[in-house]
1. When you go through (1) surrounded by 14 or more Cβ atoms within 10 Å (Cβ to Cβ); (2) basic (Lys, Arg); (3) touching a Gly at 6+ places or on another chain (Cβ under 9 Å) one by one for ARG162, which number turns out not to apply?
2. Is it fair to say ARG138 is part of a strand (DSSP E or B), under 24 Å from VAL12 (Cβ atoms), modelled with pLDDT of 95 or more and not acidic (Asp, Glu)?
3. Name every residue in region 105-116 that is closer than 23 Å to VAL51 by Cα and in a strand (DSSP E or B), in order of residue number.
4. Which of the numbered conditions does ALA144 fail, given that it passes all the others? Conditions: (1) farther than 14 Å from THR58 by Cα; (2) out of contact with any Lys or Arg (no Cβ under 6 Å at 6 or more places or on another chain).
5. LYS131: out of contact with any Cys (no Cβ under 6 Å at 6 or more places or on another chain) and in a strand (DSSP E or B), yes or no?
6. Please enumerate the residues belonging to region 137-159 that are polar (S, T, N, Q) and either in contact with a strand residue (DSSP E or B) (Cβ under 7 Å, 6 or more places away or on another chain) or closer than 13 Å to CYS107 by Cα (or both).
7. Kindly list, by first and then second residue, each pair from a residue in region 130-144 that is within 15 Å of GLY45 (Cα to Cα) to a residue that is aliphatic (A, V, I, L, M) and surrounded by fewer than 19 Cβ atoms within 10 Å (Cβ to Cβ), limited to pairs with Cβ atoms under 8 Å and residues at least 6 apart or on different chains.
8. Going through LYS183, LYS190 one at a time, which residue ends up being surrounded by fewer than 12 Cβ atoms within 10 Å (Cβ to Cβ) and at pLDDT below 95?
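The values are calculated or read from the model by the stated rules, or taken from the named source; none is laboratory data. Please read all numbers here as calculations on a predicted model, not as lab measurements. As a convention, Cβ positions derive from the backbone with ideal geometry for all residues, glycine included, and neighbour counts pool all protein chains shown.
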Amino acid sequence: MILEIVKYGNAVLRQKGARIEKVNADLKKLIADMFETMHAAKGVGLAAQQVGRALQLTVLDVRGITDRPSTLERDGKEADVAEFMPLVLINPEIKPLGDPVSGPEGCLSFPEIYAEISRAGMAEVRAMNDKGEKIDFRCGGLLARAIQHEMDHLNGILFIDRMIRADKDELKEALSELQAKTKAEMKAKK
């Protein structure tokens, strides 16, 4: 089922996600719905906060993105990113590695808003997958960027918080309009 993607202005986007203690049928349904929602919106990552649930859960799928390649290492060996997708991260822990790299980012919770964001070029990730198994890997490129973006969501941090002041100032009007529209829609639903 395609879920509604929460937009900027909804307080749940600023909430730190609760740890998930076990993988059960409800969680598996949420994960399936999040993948369906993300793919329908043509995104590469989606955090639980973006569908109104403050949990330590994100889904990712960078297959098909050829203009910004990803790298993956498992057990110290290069691995095929496509074979590792789609990816579910529950209670993830991340260690950014390497020098910061500036790159374009958007967010499904901020339609039509993009900016250059500086993030570590690589990351080490530890998490639990949708089977309740521990996974760990090192990644680079788009996958590292996407995981860091989603990890921020899990901690209530938005990509606008990472923008340089000049970009944020330039987008101020668009951000204010989006925030006001979201709040008006939320009020109308009550």
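1. In the conditions (1) surrounded by 14 or more Cβ atoms within 10 Å (Cβ to Cβ); (2) basic (Lys, Arg); (3) touching a Gly at 6+ places or on another chain (Cβ under 9 Å), ARG162 misses (3) alone.
2. Numbers: part of a strand (DSSP E or B): yes; under 24 Å from VAL12 (Cβ atoms): no; modelled with pLDDT of 95 or more: yes; not acidic (Asp, Glu): yes.
Spelling it out, it is not the case that ARG138 is part of a strand (DSSP E or B), under 24 Å from VAL12 (Cβ atoms), modelled with pLDDT of 95 or more and not acidic (Asp, Glu).
3. At the first step, the residues of region 105-116 found to be closer than 23 Å to VAL51 by Cα are 105-115.
GLU105, GLY106, CYS107, PHE110, PRO111, GLU112, ILE113, TYR114, ALA115 - these are the residues of region 105-116 that are closer than 23 Å to VAL51 by Cα and in a strand (DSSP E or B).
4. The one condition ALA144 does not meet is (1).
5. Taking the combined requirement at face value, the residue does not satisfy it.
6. Let us first name the residues in region 137-159 that are polar (S, T, N, Q), namely 148, 155.
Of everything in region 137-159, just one residue is polar (S, T, N, Q) and either in contact with a strand residue (DSSP E or B) (Cβ under 7 Å, 6 or more places away or on another chain) or closer than 13 Å to CYS107 by Cα (or both), namely GLN148.
7. If the second residue must be aliphatic (A, V, I, L, M) and surrounded by fewer than 19 Cβ atoms within 10 Å (Cβ to Cβ), the pairs left are LEU142/ILE65; ALA144/ALA120.
8. On the way: LYS183 fails: surrounded by fewer than 12 Cβ atoms within 10 Å (Cβ to Cβ).
Residue meeting the stated conditions: LYS190.
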